[in-house]
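Engineer: The structure is given below, and queries will be raised subsequently.
The values are calculated or read from the model by the stated rules, or taken from the named source; none is laboratory data. Just so we're clear, the structure is a prediction, and the values are computed from it rather than from any experiment. Quick note on the areas: whole protein, heavy atoms, side chains included, nothing else; ligands and nucleic acids left out. Shrake-Rupley method; radii C 1.70, N 1.55, O 1.52, S 1.80 Å.
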Amino acid sequence: MRRRNLIEKDDLSLHDTRGHGLRRRDYHRALDLALEVAGYDDLRAEQVRRRTAGDVRQLGIGLSCYVEITNGLPDGEFGAVEVRPDGKVIVRTGTSRTVKGT
């Protein structure tokens, strides 16, 4: 998730899957605070240090932004990231949907 994909705090035109308008939130500020608490700048510096030194043990940094449950079902949603020994990454996401009718 890139910062440019975050909803602007004054944009109330977006709605969730149930048609409810998103509440006014400052997602950019929330991300800034999360990065500060996590020591993101120090982690990035360590990442650069390891790459520059050719360290065999590299440092990957993962970050996820989550607003709220939007599917309205008790089953919830799913997300997983797997980094394989060969360096390939598998990302899995999913959600449940109830179909009414037959």
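Here's the yes/no breakdown for (1) in a helix (DSSP H, G or I); (2) among the basic types (K, R); (3) open to solvent by less than 60 Å² (accessible area, probe 1.4 Å); (4) modelled with pLDDT under 75:
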position	(1), (2), (3), (4)
R23	no, yes, no, yes
V37	yes, no, no, no
Q47	yes, no, yes, no
R50	yes, yes, yes, no
L59	no, no, yes, no
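Engineer: Moving to a separate point now. Only residues that are among the aliphatic types (A, V, I, L, M) and modelled with pLDDT under 70: list them for segment 61-98, please. Steps first, answer last, please.
Structural biologist: The first filter runs over segment 61-98 and keeps only residues among the aliphatic types (A, V, I, L, M), leaving 61, 63, 67, 69, 73, 80-81, 83, 89-91.
Residues satisfying the conditions are V67, I69, L73.
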